[in-house]
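Please treat every number below as a calculation from the coordinates, not as lab data. Keep in mind that what you see is a predicted model, and the values were worked out from it rather than measured. When we count neighbours, we look across all protein chains shown, and the Cβ atoms used for this are built from the backbone with ideal geometry, even at glycine.
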Amino acid sequence: MSTGKRTIEFTLNGRSVFADVAPHWNMVEMLQGVFGMTGARESCGQGLCGCCTVLVDGAAVTGCLQLATLSDGKSVETVEGLATDGELSPEQQAFIETGGFQCGYCTPGMLLMAKKLLDENPDPSDDDVRHYLSGNLCRCAAYPEIIAAVKRAGELRQE
Amino acid sequence: MMPFEFAEPTTLTEAVELLDADDPTVRPLGGGTALMLMMKSGLFTPSVLVSLQKVEDNYREVCAGTGGSLSAGALAPLRALELSDAAPAVVRRTMKTLSNVRVRNVATIGGCLAHGDPHMDLPPVMTALGASVTTVGPGGTRTINVEDLYEGYYETVLASNELIAILEVPATAGVRAAYKKVTTRAADDWPALGVAVALTGEGLNVAEARVVVSAATEKPTRMKAAEELLMGADVTDDLLKQAGDAAVDEADLITDPQGSAAYKRELLRVTVGRAVRSALEVEAG
Amino acid sequence: MATQMTTVIGQSIPRLESDDKVTGRAEYIHTLRLPGMLHAKVFRSDIPHGHIKSIDTADAAAMPGVYGVYTGEDIKRVIPEPYYGPAFHDQPILALEKVRYVGEPIAVVLAEDPHVAEAAAQMIYAEYEELPAVYDEIEALDSEAIVHDELKPAGTFPDLKHLAGRRDTNIAIDYHLTRGDAPGAFDGAAHVFEHTFRTQQTMHTPMEPMATVAEQREGRLILHSGTQSPSFVRIEIARLLGWPENKVRVRVPFLGGGFGAKVYIKTEALAAALVLLSGHPVKYAQTMEEQFYTISKHPCTFRIKSGVAADGKVLARECEVWWNGGAYADIGPRVTQKSGFTAAGPYDIDNVKVDSYALYTNRPPAGALRGFGIPQLVWAYESHTDLIAKELGLDPLAFRRQNILKNGRPQAVGTELVDTEIDGVLEELGRRMNWSAPFEKGEGPIRRGRGIAVGFKASISPTTSVAIVNVNADGSVVVHCSTTDMGQGSDTVMAQIAAEVLDVPIETVIVVHPDTDVTPYDMSTLGSRSTYHMGHAVRLAATEARDKLAEMADELGLPEGSNVPVKEVFIRKFGMQAGNVVGTGSFKPPYQPTNHETGLSPNATPYWMIGATGVEISIDTETGHVTIDRMINVADLGTALNPEIVATQLSGAAVMQLGFTMTEDMIYDGGQVTNANLADYKIPGFFDIPVTMENAVVEAEQKSGPFGAKGVGESGTFGVSPAIANAVDNAVGVRISDMPLTPEKVFRAIRGAASQPLEEA
């Protein structure tokens, strides 16, 4: 055991990667510092706002409360992985269509939560959306548009 | 946060050996949510974190036990309870408003029970259901009722090198249960008051009753006088009012940012009845 | 060139930057990293008021990995007079001699590793000689605690000059308005009502905390900053350094929310000083907690008194408003005056007296927050309005209708209303609320009620915006302006204006983000001023470019209105795809300052913004919980240039104000904010928004505005708080006069009214 960095290997948005991480780094620090990916970003620092949301082995987690070292051997997905070959995902398209953001800072977290909700529940009600996204905050308060966006994304996914 | 040593034992026994009863800077890391919060705010500076994420798989499983009971590994995330058909309905319902999906994906059953924060939802519900935990320590294993797990505010009977391994919930066939969580600062908040009830009996008749108060008290606490009133009686508005009053007389409520003790008394007075009504409305099990 | 309008105006064009925001690519300063960059972590005061006896930085400086530790005295090495502020030069970059609130920056650590900087900052120790502290705006009037020994007006505003050197007072500025004879009119009034209302201290909590990354190149300072005020930051930093403006460059990408938190100097001055002291690029990015120690919204006490005739006509109104500005004035003096003159409300009252005071206290500074003080005022005057109506047995809507201020009539400040549909907004709200129909108030523990409120705001004046519109040789268009897009959609609207004037598709227009090297002066992105002011500047710049293009076509012998593409015109002119056409526009609306004696001005504002809210609520009388079943927000914003963005501005503002109304409150213990985090300071989430919400605009045109438009960013906040308090009164007959309306407060009021008051603890 040591307090120094160690090399971890994991899958990042489908690609195999290595990273040298210190034991106390969180996921956001690793994504921004090692990979230059700024889609997951810290805001409240307490797991309440969801701006730092990432998916680890398919489960949404709070990036700023997740030690980076725990990613070893796992699959990590971020907002940067949503679009494929330049084509926006249904969630991304729907958020634009319904105006589901204003300043955009919380948007990556909202999108990843939307994706996971729709993976589990392709046709969510308003209340389902509220429950699933209740750990994500939007100070611009685009909440009505976000609910509409998630439902619209559900439709787009089925088309 | 400053660097610390990070240990990843592969067995629970090994994890226990890495912990130190006398050194509070060595802590186990389950999901890490609460611990990371304490570390980020400078409340806790670890020398060693003992990750439990690589210990035996059986501590991550949630499965039906014998005769309708539930057995859950302490390292299973709360989300596993939420999605398990084997979990009592009241547990699954409670999970839906426990923090948020991301926390439930990560936070472990064991961590949630061992943290000792009276605002948590799982301890009162498990107390109402008569659940128990099996722990592993240097001296071997022991079984503790969840009801007896807490000694005070953030205080449990667990030694710092003792880990919860398994949660056992007895069969809930015939048990109607509900958990009422009252928040006062925003809908999604730590509760000002939690009331869990578990009842047996038919229709409006209550045979056995457990009424547990949390969040407004220093630790999850059974309201024995209210339980006495309910047991063997038919539920009426008047009885519920009496039970609420009895709970108010019995509970030692604290003032905190969620509200004054005086206000919480009034919340408790009506919430006991609301929780019982809510339990009577659901299917047993 | 075609002459037919493209009519991109009035279309709900999606935000130009949509793709970047949904892919995570959008740039925010909080995530910016530069090579060789050092992180700054601040050590803050833990006492509310005192002289600094000593600062011990030795342990922090000795920590491995620490680059340097700096105090206020070190700052003076590069900035001899390190005091900043838009209205008063009262705020030191790091505390000098005194600290004035818990959380005030005292020292700063630089390190390559932010964790090291943070740990080292915790190893700094300060010794103080404590002084008495004052937190309450009323107590500050005659407290023995004096926050500043001497007032230091900035000189930016001529009307503050007379305050220079004033001593031994906590009153930073006072504003007085006298219209007619209020005291005399009270004597003749059938009824006189007097109430006092209070609001609490709240914080903007933009999701992107405040941040600046600063670096030095070619003898210049470059500030990459999440600021709403790039031009002001450049001017103020240049002033502090004694440099010309062109040696400071301020670059602003997107802001993760602003709401007034990021106006004027916030993180910029410290970052600038640290670059000069260390020679390295420096990042000063705050945490959510630190934002609470940086800026907030004024708590306010408002005593309002009205004289009303027997028929319900309001004859006179007297307003005394005390604004709790915290330890540093920031833009509080502007709030005191510019909002102060609307304190009597959107009513036609002949006799008005307003006395508005900005007070220093030992709290974190207060500044502008989505409404510039207006929501605090509307809270009082619209609660007061309902109380009068109730007392006189009048319908709240009818009483408002009877007294509402209409076009052609002067507002209390003496400025005549033009293109201002206060009555139209009120009527539309009444219609949507179905106000004349009976309303079911419920029985049993759940009671229902409804309430309305209308507020208005003048534009902060006088202010200037400058824009450049550049038409490239292929006809593509570049708009240069220093308006900051913090989510309000200004980039999109400016592009729409340019596209409309130049008659080109919106897709061919881009908007350069503020960069003071290439985007011209703008007063600031605040106070719902950009659509009107910068909108005009862009319109003028685009018009000049269009005229130059027409001139060029004319020179080439093309007939007027010819449909030869712009690209072809350039090729004919330059023989190849070359050259460009640049138009500039500068806009400053007419303005007359208020008279120092009377507080009056015939032209105090170029336009008025109107917002009204109606709510239907349910109250759980056994717990005090209030549910907003329905919320309707109606506004007059002139012509909506982008209806979708306008609607979301209204609902976003209303939900933000809903948070301030129901839950948000900075709680103090001995001057220390005890809930400076989102776990304990609860902002609205998915479950806190109204069950149903409607956002509407009235048919209106601001003829002096660009394409008939005026501002909208704040209007949704105006009516929310009093509408809810009025609905609570309507439902259960209790009046809450101090925000927020927490369940416990509502429950206590209900029990108090039933003569069963709850004990204190």
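Using every pair of distinct Cα positions in segment C:602-699, the Kirkwood expression returns a hydrodynamic radius of 15.8 angstrom. Take the Cα of A:Glu155, step 7 Å toward its Cβ, do the same at B:Glu151, and the gap between the two points is 5.9 nm. Throw me the Rg/Rh for segment C:109-196, computed over C-alpha atoms with Kirkwood Rh, two decimals. Taking Rg over the Kirkwood Rh, I get 1.23. Projected onto their three principal axes, the Cα atoms of segment C:663-736 cover extents of 51, 33, 25 Å, largest first.
For segment C:397-492, the spread of Cα coordinates along the three principal axes comes to 70, 38, 21 Å, biggest extent given first.
Using the alpha carbons alone, the radius of gyration of chain C stands to its Kirkwood radius in an Rg to Rh ratio of 0.98.
Here is the tail figure for segment C:329-444: Cα pairs spaced more than 22 Å apart come to 46 percent of all pairs.
Given R₀ = 60 Å, what would the calculated FRET efficiency be for A:Thr7 paired with C:Glu560, taking r from the Cβ atoms and rounding to 0.05? The formula returns an efficiency of 0.30 here.
Evaluated at 4 °C with a viscosity of 1.567 mPa s, what Stokes-Einstein diffusion coefficient in µm²/s does segment C:5-156 have when Rh comes from the Kirkwood expression over alpha-carbon pairs? It comes out at roughly 69 µm²/s.
Please identify every one of the trypsin sites (Lys or Arg not before Pro) in segment C:408-517 that sits in a loop by DSSP and has no more than 16 other beta carbons within 10 Å of its own beta carbon. Please list the in-between numbers first.
Values: sites: C:Arg431, C:Arg432, C:Lys441, C:Arg447, C:Arg448, C:Arg450, C:Lys457; in loops: C:Lys441.
Filter output for segment C:408-517: C:Lys441.
For the listed residue pairs C:Lys161/C:Lys266; C:Lys353/C:Lys588; B:Lys54/B:Lys219; A:Lys74/B:Lys219, the alpha carbons are over 27 angstrom apart in C:Lys353/C:Lys588; B:Lys54/B:Lys219; A:Lys74/B:Lys219.
By the count of other C-beta atoms within 10 Å, a proxy for reagent exposure, A:Glu97, C:Glu759, C:Glu17, C:Glu664 are ordered fewest to most as C:Glu759, A:Glu97, C:Glu17, C:Glu664.
The Cα trace of segment C:659-698 gives Rg and Dmax of 14.4, 47 Å, the first to one decimal, the second as a whole number.
Between C:Glu27 and C:Leu141, the contour length at 0.36 nm per residue exceeds the Cα-Cα span by 36.5 nm. Enclosing the Cα atoms of segment C:522-614 in their convex hull gives a volume equal to 196 cubic angstrom per residue.
Gyration tensor over the Cα atoms of segment C:277-398: the corresponding equivalent ellipsoid has semi-axes (square roots of 5 times the eigenvalues, largest first) of 39, 14, 11 Å.
Taking the alpha carbon gyration tensor of segment A:1-137, what are the square roots of 5 times its eigenvalues, largest first, to the nearest whole Å?
Values: eigenvalues 143, 49, 36 Å².
Over the Cα atoms of segment A:1-137, the ellipsoid semi-axes are 27, 16, 13 Å.
Annotation for segment C:128-195 versus segment C:11-74: alpha-carbon center distance of 35 Å. Over all other residues within a Cβ to Cβ distance under 11 Å of C:Tyr70, the charged ones net out to 0, with Lys and Arg as +1 and Asp and Glu as -1. With the simple model of a label 7 Å out from the Cα in the direction of the Cβ, C:Leu276 to B:Thr66 spans 8.0 nm.
Rg and Dmax of chain B, based on Cα coordinates, read 18.9, 60 Å. In chain C, helical runs assigned H by DSSP with n ≥ 4 each contribute -39500 (n - 2.57); averaged across all residues and rounded to the nearest 500, the mean residue ellipticity at 222 nm is -7500 deg cm²/dmol. Between the alpha-carbon centers of segment C:636-691 and segment B:44-99, tell me the distance in whole angstrom. When both Cα centres are located, 36 Å separates them. Our summary gives chain C a relative contact order of 16 percent, counting only alpha carbon pairs under 8 angstrom and 6 or more residues apart. Loop-located chymotrypsin sites (Phe, Trp or Tyr not before Pro) in segment C:302-405 (DSSP state other than H, G, I, E, B) with a sparse environment of at most 10 neighbouring Cβ atoms within 10 Å are absent. A convex hull fitted to the Cα coordinates of segment C:326-370 yields 69 cubic angstrom per residue. Please give the residues of segment C:442-486, grouped as numeric ranges, whose backbone N is less than 19 Å from a label point set 7 Å along the Cα-to-Cβ vector of C:Ala550. The answer is C:469-472, C:475, whose backbone nitrogens lie closer than 19 Å to the label point.
Select from segment A:1-56 those trypsin sites (Lys or Arg not before Pro) which occupy a DSSP coil region and have at most 11 other Cβ atoms within 10 Å, ordered by residue number.
Values: sites: A:Lys5, A:Arg6, A:Arg15, A:Arg41; in loops: A:Lys5, A:Arg41.
Sites meeting the loop and neighbour criteria: none at all.
In Å, the Kirkwood hydrodynamic radius of segment B:72-136 over pairs of distinct alpha carbons? The partial results should precede the final answer.
On the way: mean 1/r = 0.0847 Å⁻¹.
Radius from the Kirkwood sum: 11.8 Å.
A straight Cα-to-Cα reach below 23 Å connects C:Lys390 with the lysines C:Lys305, C:Lys313, C:Lys441, C:Lys745, residues fewer than 8 places away in its own chain not being considered. Just to be sure I understand the curve: with the Debye formula and one point per C-alpha of segment A:62-113, what is log10 I(q)/I(0) at q = 0.28 Å⁻¹? Debye intensities relative to I(0), on a log10 scale: -1.14.
Set the bar at 29 Å for Cα to Cα. Now go through C:Lys53/C:Lys76; C:Lys262/C:Lys710; A:Lys5/C:Lys262; C:Lys98/C:Lys457; C:Lys247/C:Lys710 and name every pair that lies beyond it. Write out the running numbers ahead of the final one.
Details: C:Lys53/C:Lys76 18 Å; C:Lys262/C:Lys710 22 Å; A:Lys5/C:Lys262 37 Å; C:Lys98/C:Lys457 37 Å; C:Lys247/C:Lys710 34 Å.
Those over the limit are A:Lys5/C:Lys262; C:Lys98/C:Lys457; C:Lys247/C:Lys710.
Could you work out [θ]222 nm for chain B from helices alone, using -39500 (n - 2.57) per DSSP H run of at least four and dividing by all its residues? Round to the nearest 500 deg cm²/dmol.
On the way: 10 runs with 90 residues, N = 285.
Result for chain B, helices only: -9000 deg cm²/dmol.
Straight-distance candidates among the aspartates and glutamates for linking to C:Lys682, with alpha-carbon spacing under 14 Å and chain neighbours fewer than 8 residues away dropped: B:Asp188, B:Asp189, C:Glu289, C:Glu664, C:Asp665. Per-residue 3J(HN,Hα) values for segment C:149-159, derived from phi via the Karplus relation 6.51 cos²θ - 1.76 cosθ + 1.60 with θ = phi - 60°, read 5, 8, 7, 10, x, 6, x, 5, 10, x, 6 Hz in sequence order (x marks Gly and Pro). The distance separating the Cα centre of segment A:1-70 from that of segment C:298-341 comes to 50 Å. Taking Cα pairs under 8 Å and at least six residues apart, what relative contact order does segment B:1-124 come out at, in percent? Answer for segment B:1-124 is 23 percent. So what does the Cα-only Debye profile of segment C:69-217 read at q = 0.10, 0.11, 0.12 Å⁻¹, as log10 I(q)/I(0), no solvent term? Normalising to I(0) and taking log10 leaves -0.58, -0.68, -0.79. Neighbours of B:Val212, meaning other residues whose beta-carbon lies under 10 angstrom from its beta-carbon, give a summed charge of 0 when Lys and Arg score +1 and Asp and Glu score -1.
With r as the distance between the Cβ atoms of C:Glu694 and A:Asp85 and R0 = 56 Å, compute the FRET efficiency 1/(1 + (r/R0)^6) and round to 0.05. Could you put the intermediate results ahead of the total?
On the way: r = 41 Å, r/R0 = 0.72.
Once rounded, the FRET efficiency stands at 0.85.
Counting only lysines at least 8 places from A:Lys115 when in the same chain, those with an alpha carbon closer than 18 Å to its own are A:Lys151, C:Lys21. Its Cα gyration tensor gives the protein assembly as shown an equivalent ellipsoid. The semi-axes, each the square root of 5 times an eigenvalue, are 48, 38, 31 Å from largest down. Taking one quarter of the surface of the convex hull spanned by the alpha-carbon atoms of segment B:171-285 gives a direction-averaged projected area of 6.7 nm².
Does a label point 7 Å from the Cα of C:Ala753, set along Cα-to-beta-carbon, have any residues of segment C:614-630 with amide nitrogen under 16 Å, and which are they? Counting backbone N atoms under 16 Å from the label point, the list is C:616-627.
Counting residues in segment C:42-131 as N, plug N into 2.2 N^0.38 Å and put the Cα Rg over that result. Intermediate results must be reported in sequence, preceding the final value.
On the way: Rg = 13.1 Å, N = 90, 2.2 N^0.38 = 12.2 Å.
This ratio for segment C:42-131 stands at 1.08.
What does the charge count around C:Gln488 come to, taking other residues whose C-beta lies under 13 Å from its C-beta (Lys +1, Arg +1, Asp -1, Glu -1)? Taking every other residue near C:Gln488 into account, the sum is 0. Between B:Ala34, B:Ala275, B:Ala128, the residue with the greatest mean-square fluctuation in the GNM of chain B (Cα pairs under 10 Å linked by springs) is B:Ala34.
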